[in-house]
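Asks: Structure below; questions to follow.
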2 protein chains.
Amino acid sequence: MHILIIGAAGMVGRKLTARLAKDGALGGKSISAFTLADVVEAPAPAGFGGKVTSLAVDISDAAVAAKLVSGRPDVIFHLAAIVSGEAEADFDKGYRINLDGTRHLLDAIRAEGAKAPYVPRVVNTSSIAVFGAPFPELIHDEFFSTPLTSYGTQKAIGELLLTDYSRKGFMDGISIRLPTICIRPGKPNAAASGFFSNILREPLVGQEAVLPVDDSVLHWHASPRSAVGFLMHAATMDLTKMGWRRAITMPGLAATVGEQIEALRRVAGEKAVKLIRRMPDETIIRIVSGWPRAFDASRALSLGFKAEATFDEIIKVHVEDELGGKLP
Amino acid sequence: MHILIIGAAGMVGRKLTARLAKDGALGGKSISAFTLADVVEAPAPAGFGGKVTSLAVDISDAAVAAKLVSGRPDVIFHLAAIVSGEAEADFDKGYRINLDGTRHLLDAIRAEGAKAPYVPRVVNTSSIAVFGAPFPELIHDEFFSTPLTSYGTQKAIGELLLTDYSRKGFMDGISIRLPTICIRPGKPNAAASGFFSNILREPLVGQEAVLPVDDSVLHWHASPRSAVGFLMHAATMDLTKMGWRRAITMPGLAATVGEQIEALRRVAGEKAVKLIRRMPDETIIRIVSGWPRAFDASRALSLGFKAEATFDEIIKVHVEDELGGKLP
C-alpha cells in the first residue's frame, strides 16, 4: 500500500507518518511506500523499510498535484493548509493554498482516474472553523457552516468539493473537522489558541506560562494522539455508512480552562499550577469568545471515532508521548 | 445608478430587466444605465431612456468579469448558471461557469476596488439545491448544506465565497435561494421540475399536460413576479441586519400537486383540470423524492421578503403577467 501525506512536515503530519511507519500497515494492509509532501522536505520516518519519497513542493501549483498523484497512492492524507491567522492576513495566499491547492489535488485524482480506474481514499482535514457564532450550546452535525474567517470558508468549500467528487465516483473521500489539538508539543507560539496548550505544557516542565483568558472559557480539545487516530480511522472505515454527508466533526472533550488547570493539579501538583500567570489579554479574549465551545459528536462516536474522556488523559498522553512517560 | 445583470437573457433576468426599466429606479434612485450580460445578447428593455449595453459573453473567462465590472456598476445581479441537469451531465462545464464564473466576478470586483474604493451591492441567486435529503419536515435557516448535485455544490460554494468577500469589505453581498419558480412561462421543457408549471400553464390555455408524479408530492413555490421582488428587495435592503449570514432561503408556498390542481379548478374550472393526464414516470418520481419540500422561511419574512400565500394567487399572477389578465 502506498500512502501520500500532504502536509507531512507539520506537527500532525509528522506524528501520523511516525505512527504509520511504526505500524508498518494501515487497516491490515502492509505499507510499501510513503510519499511525503510539504513546503519543506519532511524527514523520512525512523525504522521504515519501504520506499520513502519526500518532496518540498508548492501545492498551489496544479502540476505538483498531478505529480503527487501520478504514483497512484492508495490513501491520500491532505493535511496541508495556510492556518487561520495567515489566511486572514494574506487573502490571496489563503485562497491559493487552501482552496486552489485542494481543488488541484481533487482534479489531479480525477484526471488520473480518467486514464485508468483509480478511486483512492482521501482523508481531508477540515476544521471547526467552518462554524461561526452565534452557536447553540452544543453544535450538532446538522448545524450550518457560516465561517467568520477566510480559513473557515476555504475549509467549508473543501468539504463541499470532496463530497461532490466522491459522489461522482472520482475518489472515496471524507473530511474530518479536528478539535483544537492539546497539548501541542514544541514551543509556545503566537496563535490565539496557543495558551490552551501553553498553560499545561510549560508548567509540566517547570516553566511559566501565561493565561490570557478567564478560567470559565470553554473549548473543544483532543490530543495529538487522538488526531492521528481520527486520521487512521478515517482512512480505513467504511464510508458508505456516511451516505453523502462526508464532512464530520471529530469527537473531543469540552473543557473549561479551569477544568484544564484542575487536571494539571491532579497530574503534576500545586507547584505546576503556580507557574500559570494570569494576564488577561483583551484581544485574545475577544477572538476566543467567537469560537465554538462544545459539540454533539454523537455521529462521529457512532462511526467509531474515539477521543479522550478527561483532561487528565490528555495530559497523560503528552507525558507519555513527549516527556518519555515521566515528569521531570 | 448603473445596474449590471449577469444572466439577463434568462426568464428571471428578462423579467427583472423589464421591471427595473419600467420603474426607472431602484430603491428610490434613478437608473441611468444597464449592462446586460448573457451567453446571448439580451434584448434592450422597452421604454427605457437610459444607456443599455448588451453583451454576449462567456462568464467563465476572467477577462470578461473584469470587463463587466470595469464600468463600476452600483448593483450587480448574478443570475447566470448552468442548470442542475446540465451541471450534473457536464462536470467541467458546471464548475467552470457556476464556480469559476462566480469567483472571477468576485475577484474582478475586488480588483476594481483595489484601484479606487468600490463596494457594490451584489445579489447572487442561489438555490434550495444546496440542501440534500434526508430533510426535516421544515428546513430551517440553520440547516446544513449537503447538496446531492454538483449544481447544488457550486451554489453552496458561491454562497460561502460571497459571504467571505463581503466580510472582508470587497462588496456588499447577499445570496438568495429561490424556490421553484411556478408558473414558468413558455413551452414545456425537459427539466424534471417542469411538470409543476406544465400542469397549470398548459390547461389554462386549453392544452393537455402530463403529470408524472402523485398528487401528494409537496414542493416549494413562488411566482416569477415574486422572484423579481426578492431580487429587488435584496438589492436595496440593509444587509447589516443579516450579520455575516448572507445566504438565505426565500419565502415561498409549500403546496402539494393536489393543492395546485384544486387552485387550478377554482381559477379555471373543471374543464382545465380535465386536461391533466396522469402518467407516472418512475425516473421523475425518484428525482423529485430527493428534493426539499417545505421551509421555515421566517428569517426571510422578518427581513421583508414577500411571496404568495395561496396557489390561487400564483395562478392569478400568471394570468395577469402572461395572459393579459384573462383566460382565453
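The values are calculated or read from the model by the stated rules, or taken from the named source; none is laboratory data. What you see is a predicted model, and the numbers here were worked out from it, not measured in a lab. Cβ sites come from the backbone with ideal geometry, for glycine too, and all protein chains shown count toward neighbours.
Asks: Give me a count of the residues in region B:22-37 that are out of contact with any helix residue (DSSP H, G or I) (no Cβ under 7 Å at 6 or more places or on another chain) and either outside the structural domain of B:TYR118 (by TED's automatic domain parsing) or over 15 Å from B:ALA235 (Cα atoms) (or both).
Replies: Residues meeting the conditions: 3.
Asks: Quick check: is even one residue across region A:171-184 among the charged types (D, E, K, R), in contact with a helix residue (DSSP H, G or I) (Cβ under 7 Å, 6 or more places away or on another chain), assigned by TED's automatic domain parsing to the domain that holds A:ILE128 and modelled with pLDDT under 95?
Replies: no
Asks: What pairs come out if I take residues in region A:178-195 that are within 17 Å of A:VAL288 (Cα to Cα) and without any contact (Cβ under 8 Å) to a residue 24 or more places away in the chain and pair them with residues that are charged (D, E, K, R) and buried (at least 16 other Cβ atoms within 10 Å of the Cβ) whose C-beta lies under 8 Å away, six or more apart or interchain?
Replies: From residues that are within 17 Å of A:VAL288 (Cα to Cα) and without any contact (Cβ under 8 Å) to a residue 24 or more places away in the chain, the pairs are A:GLY194/A:ARG184.
Asks: Another question, if that's okay. Taking B:GLU137 as the residue in question, decide whether it is in the same structural domain as B:LEU20 (by TED's automatic domain parsing), surrounded by fewer than 22 Cβ atoms within 10 Å (Cβ to Cβ), touching a residue at least 24 places away in the same chain (Cβ under 8 Å) and farther than 26 Å from B:ASP296 by Cα.
Replies: no
Yes/no matrix, rows are residues, columns are (1) under 30 Å from A:PRO328 (Cβ atoms); (2) at pLDDT 95 or above; (3) aliphatic (A, V, I, L, M); (4) in the same structural domain as A:ILE183 (by TED's automatic domain parsing):
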| site | (1), (2), (3), (4) |
| --- | --- |
| A:MET232 | no, yes, yes, no |
| A:ALA235 | no, yes, yes, no |
| A:THR240 | no, yes, no, no |
| A:GLU259 | yes, yes, no, yes |
| A:GLU262 | yes, yes, no, yes |
| A:ARG266 | yes, yes, no, yes |
| A:GLY269 | yes, yes, no, yes |
| A:ARG277 | yes, yes, no, yes |
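Asks: Among helices (runs of 4 or more DSSP H) lying entirely in region A:266-328, which contain 1 or more residues that are out of contact with any Phe, Trp or Tyr (no Cβ under 6 Å at 6 or more places or on another chain), polar (S, T, N, Q) and within 18 Å of A:PRO251 (Cβ to Cβ)?
Replies: Helices (runs of 4 or more DSSP H) meeting the threshold: A:298-302.
Asks: Here is a list of conditions, (1) more than 27 Å from B:PHE135 (Cβ to Cβ); (2) in contact with a Gly (Cβ under 8 Å, 6 or more places away or on another chain), and B:ARG246 meets all of them except one; can you say which number that is?
Replies: Failing condition for B:ARG246: (1).
Asks: Please verify whether region B:110-117 includes one or more residues that are assigned to a strand (DSSP E or B) and over 23 Å from B:PHE295 (Cα atoms).
Replies: no
Asks: Residue by residue through region B:131-164, note down the ones that are more than 9 Å from every other protein chain (Cβ to nearest Cβ) and either basic (Lys, Arg) or in a helix (DSSP H, G or I) (or both).
Replies: Hits for region B:131-164 are B:TYR151, B:LYS155, B:GLY158, B:GLU159, B:LEU162.
Asks: When both residues are 6+ apart or on different chains and their Cβ atoms are under 9 Å apart, which pairs have a first residue that lies in region A:282-305 and is β-branched (Val, Ile, Thr), and a second that is outside any loop (DSSP other than H, G, I, E, B)?
Replies: Listed by first residue and then by second, the contacts come to A:ILE284/A:PHE195; A:VAL288/A:PHE195; A:VAL288/A:HIS219.
Asks: Out of region A:269-284, which residues are of a type in the set (D, E, K, R) and either surrounded by 11 or more Cβ atoms within 10 Å (Cβ to Cβ) or under 29 Å from the mean Cα position of the chain (by Cα) (or both)?
Replies: Within region A:269-284, A:LYS274, A:ARG277, A:ARG278, A:ASP281, A:GLU282 meet the criteria.
Asks: From B:ILE59, B:ILE76, which residue is touching a strand residue (DSSP E or B) at 6+ places or on another chain (Cβ under 7 Å), within 20 Å of B:LEU16 (Cβ to Cβ) and at pLDDT below 95?
Replies: It is B:ILE59.
Asks: Across region A:105-130, what is the number of residues that are more than 20 Å from A:ALA235 (Cβ to Cβ) and within 13 Å of another protein chain (Cβ to nearest Cβ)?
Replies: 5
Asks: Of all the residues that make up region B:306-320, how many are touching a residue at least 60 places away in the same chain (Cβ under 8 Å), crowded, with 16+ Cβ neighbours inside 10 Å and of a type outside the set (Gly, Ala, Ser)?
Replies: Count: 8.
Asks: Any residue at all in region B:175-195 that is within 14 Å of chain A (Cβ to nearest Cβ), closer than 26 Å to B:GLY132 by Cα and not aliphatic (A, V, I, L, M)?
Replies: yes
Asks: From B:SER150, B:SER127, B:SER145, grab the single residue that is under 25 Å from B:LEU68 (Cβ atoms) and either in contact with a strand residue (DSSP E or B) (Cβ under 9 Å, 6 or more places away or on another chain) or among the aromatic types (Phe, Trp, Tyr) (or both).
Replies: B:SER127 is the lone residue from the list that is under 25 Å from B:LEU68 (Cβ atoms) and either in contact with a strand residue (DSSP E or B) (Cβ under 9 Å, 6 or more places away or on another chain) or among the aromatic types (Phe, Trp, Tyr) (or both).
Asks: (1) more than 15 Å from the chain's Cα centre (by Cα); (2) surrounded by 18 or more Cβ atoms within 10 Å (Cβ to Cβ); (3) of a type in the set (A, V, I, L, M): which one isn't true of B:LEU218, the others all being true?
Replies: Exception for B:LEU218: condition (2).
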